Amino acid sequence: MKRIYYLFFILTAVGGITTRIFAQEADSVKTNSLDEIIVVGNRTAKEIIPVQQLSGEELEKLSVHSVADAIRYFSGVQIKDYGGIGGLKTVNIRSMGSQHAGIFYDGIELGNAQNGIIDLGRFSLDNMEAISLYNGQKSVVFQPAKDFGSAGSVYMTTRIPAFESGKINNYKLALKTGSFDLKNISLLWEHKFNRNISAQLNAEWMYTSGKYKFSYKKTGYDTTETRKNGDVRTLRIESGLFGKVENGEWKAKMYFYNSGRGFPGAYVREEGGKFIHQDRQWDTDVFLQSSFRKAFTEKYSMLLSGKYSYDYLHYMSDPRLDVSTMYIDNRYRQQEVYLSSANQFSFLPFWQTDMSVDFQWNKLDADLTDFVYPNRYTTLAALATALHFNKFKLQASLLGTFVRETTRLGYGAAGNKNEYTPTLVASYRPWQKTDLNFRGFYKRIFRMPTLNDLYYTFIGNANLDPEYTNQYDIGVTFNRTFKASVLRYIEIQTDAYFNQVENKIVAVPTSNQFRWTMLNLGYVEIRGLDASVKSNWLPYENLQLNLMMNYTYQKAQEFTADNDYYGGQIPYIPWHSGSLITNITYGKWDLNYSFIYTGERYHRVANIPENYIKSWYTSDLSLSRRFKLHKSGIRLTAEVNNLFNQQYEVVLRYPMPGTNFRFTINVSFI
């Protein structure tokens with residue numbers, strides 16, 4: 001553990017030295033300062049690929065703590081939440097599985113070669129500027145090859161320093177407290193060295209006991225218990241450098257995260273009505289990433305990206321504390337190196353082409369018996385092109401993925417993988433004066449088996465094939481702005497889609513219940529419809545109303561051969577789901593109401609009464625007031641979450657909190 005902290009401090013020192021060097025170089029050049037101009041526009045409905053976004057004040061006003069909480073308000077998304085603040089939270093886009101979702105942090109993908117899952121509950125919203133969800137991929141061709149490599153993508157964009165005229169420092173302080181013994185403090189400092197270079201430091205500490213009441217059936221009647229072992233302690237530190245060059249920009253970021261938490265587990269009585277869960281996990285994640293973008297001429301632009309990350313995980317389960325478990329005390333260490341070069345050529349004003357090449361190295365170490373210590377070398381090459389005419393837009397790309405793996409045991413490595421996957425995207429706007437767009441895309445992509453799938457002791461299968469997905473989407477977008485009306489703006493998006501997942505990787509038991517094996521078995525078809533509406537209303541001069549509604553219908557069926565429940569809805573996918581966000585602003589007051597609905601579903605592919613999970617809904621309410629005190633801005637917020645004390649489970653036997661409260665004070669000197 002000490003090596004991780006040493007690495008963190010070394011990276012911080014390097015960042016400080018780099019800042020001074022750039023600052024001194026920039027100061028030695030005589031410049032003429034211009035006031036900064038911030039341009040704000042609505043771009044959502046212009047995208048060719050279906051996209052949903054929460055940003056700025058929209059994001060700030062939601063009664064949410066983490067990125068996972070915010071994504072629940074998007075259509076076509078299922079969040080698996082294993083209970084409370086400390087539980088694992090993963091995203092499933094259009095029912096293709098969590099491993100098919102690419103999670104990007106400031107433009108560079110977060111990696112987890114071990115199990116392919118990113119816990120979105122770890123990412124706070126305190127320094128988040130926007131969260132975007134794309135089905136397929138981004139609607140641009142000028143991007144790293146890795147951005148073409150996911151069936152769906154979540155992009156997290158953190159705050160970039162912006163300064164009012166004459167200011168060189170920004171400060172923000174946020175204090176939160178509430179139910180479950182919540183204590184949360186975050187600090188933000190931004191400094192402007194000159195017109196081209198600025199720096200940012202953001203730190204956050206959070207503690208919660210994770211204790212809350214829940215109800216369950218006991219021999220015919222309801223009783224109440226307390227959810228335990230859900231405590232969480234986290235420390236997050238981010239520092240960044242941001243620079244501008246002629247016709248371009250660069251940025252570098254260092255991220256440090258440390259946590260210790262308990263896993264409350266499923267509520268299964270062990271003895272005398274007690275719910276004993278003592279599993280613990282400790283995490284330390286460090287990464288350093290940077291990017292450089294520049295237009296050298298009108299016809300050529302380049303984007304360079306790089307990243308190094310180190311992840312440490314310690315998981316312990318002690319049967320002396322919990323008789324339901326076997327003894328586990330394992331430590332995992334992951335390392336990743338990522339390099340990317342993207343090159344855009346604009347041959348004609350309406351024609352752009354991109355050639356991108358990425359390289360990634362992953363290494364996994366673990367203190368497991370007979371572990372093979374795998375190394376994965378991945379090269380990705382993408383060729384993409386885009387044509388833009390007045391009414392018609394077309395994009396096409398071809399991604400080549402080449403994977404080679406080595407292990408300490410030469411004969412134990414999986415075979416090399418070489419795959420080529422295409423994407424075709426088109427949109428059509430019939431009338432120039434009406435912002436009505438028809439769009440569609442086809443994409444074939446695959447996901448490599450994770451290192452756990454291939455090599456985990458007693459479970460892995462080095463002969464696994466990748467999972468393949470075919471995605472088909474057709475949709476329509478419409479938006480309009482009204483000048484002299486109560487309704488000022490409306491935006492509508494609707495998409496129908498059909499997805500296929502081939503070679504589904506599943507775990508099946510062997511003769512020993514403690515030894516499972518991984519096999520390619522499943523074939524899944526997903527038919528769905530996503531619809532969203534955003535609107536802005538101005539009934540009176542000082543009264544503003546914003547509405548956002550999302551609805552999803554999904555029929556996700558498993559058609560694996562020789563399956564007794566052929567054609568059943570796959571686990572945890574509801575037929576119907578939706579959300580509503582309403583915000584009312586009156587002067588310096590903000591009232592926000594949000595509602596989430598998840599319909600009935602089954603927790604197994606056998607759609608029988610024993611596996612049925614009833615629908616659930618939650619309502620959250622928040623009220624905030626803004627103040628001005630000298631040169632500082634103050635925002636006080638009171639929240640009531642799960643307003644009607646709904647007793648529900650996102651994952652079977654992992655009860656969620658009932659009614660809870662939170663209070664926040666934000667102080668800014670910006």
Say R0 is 22 Å: what FRET efficiency, to the nearest 0.05, do residue 404 and residue 343 get from their beta-carbon distance? 0.35
Here, residue 668 and residue 643, labelled 7 Å along Cα→Cβ, have an inter-label distance in nm of 2.6 nm
Plugging the Cβ-Cβ distance of residue 368 and residue 463 into 1/(1 + (r/R0)^6) at R0 = 22 Å yields, to the nearest 0.05, a FRET efficiency of 0.65
Considering the dipole of the chain built from charges on the beta carbon (Lys and Arg +1, Asp and Glu -1) around the Cα centre, which of 503, 368, 335 is farthest to its positive end? 335
Modelling each spin label as a point 7 Å along the Cα-to-Cβ direction, I'd like the residue 129/residue 335 distance in nm, to one decimal. 3.3 nm
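Size of the dipole of region 384-511 about the Cα centre, Lys and Arg at +1 and Asp and Glu at -1 on the beta carbon, nothing else charged, in debye to 20?
Working: 15 positive and 10 negative charges, 148 e Å.
Result for region 384-511 is approximately 720 debye, rounded to the nearest 20.
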Given +1 on the Cβ of Lys and Arg, -1 on the Cβ of Asp and Glu, and no further charges, what dipole in debye does the chain carry about its Cα centre, rounded to the nearest 20? 1280 debye
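In nm², what is the average projected area of the convex hull enclosing the Cα atoms of region 314-472?
Approximately 14.1 nm², given one-decimal rounding.
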Just want the answer: with Cβ charges of +1 for Lys and Arg and -1 for Asp and Glu, which residue in 472, 535, 258 is farthest toward the dipole's positive end in the chain? 535
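Please tell me the relative contact order of the chain in percent, rounded to the nearest whole number, where contacts are Cα pairs under 8 Å and at least six residues apart.
Values: 1820 pairs, mean separation 74.0, N = 670.
RCO, the chain: 11 percent.
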Area projected by the alpha carbon convex hull of the chain, averaged over all directions, nm²: 31.4 nm²
Among 661, 589, 456 - extreme Cα towards positive end, dipole of the chain, charges at beta-carbon: 589
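Using the Cα centre as the reference, give the magnitude of the dipole from point charges on the C-beta atoms of region 550-670 (Lys, Arg: +1; Asp, Glu: -1; all else neutral), rounded to the nearest 20 debye.
980 debye
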PRE reach from residue 607 (point 7 Å along Cα→Cβ): which of region 550-572 fall under 15 Å by backbone N? 553-560, 564-572
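Between residue 555 and residue 55, what length in nm is gained on full extension when 0.36 nm per residue of separation is reduced by their alpha carbon distance? It would help to have the intermediate numbers written out before the result.
Values: separation 500, 0.36 × 500 = 180.00 nm, distance 3.01 nm.
Value of the extension gain: 177.0 nm.
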Rg ratio (alpha-carbon, reference 2.2 N^0.38 Å) - region 134-272: 1.57
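Taking a 22 Å limit on the Cα-Cα distance, which of the listed pairs 172/628; 192/253; 192/588; 393/433; 138/504; 307/363 fall beyond it? Before the final figure, lay out each step's value.
Numbers: 172/628 14 Å; 192/253 16 Å; 192/588 29 Å; 393/433 17 Å; 138/504 25 Å; 307/363 14 Å.
With Cα atoms farther than 22 Å apart: 192/588; 138/504.
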Once Lys and Arg are counted +1 and Asp and Glu -1 for all other residues with Cβ under 10 Å from that of residue 140, the total becomes -2
Under 20 Å from the 7 Å Cα→Cβ point of residue 484, by amide nitrogen: which residues of region 526-567? 537-542
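Taken together, the values in this text are just the output of simple stated rules run on the coordinates, not laboratory data. All values reported here derive from a predicted model rather than from experimental measurement. With ideal geometry, Cβ positions are generated from the backbone for all residues, glycine too; neighbour counts draw on all protein chains shown.
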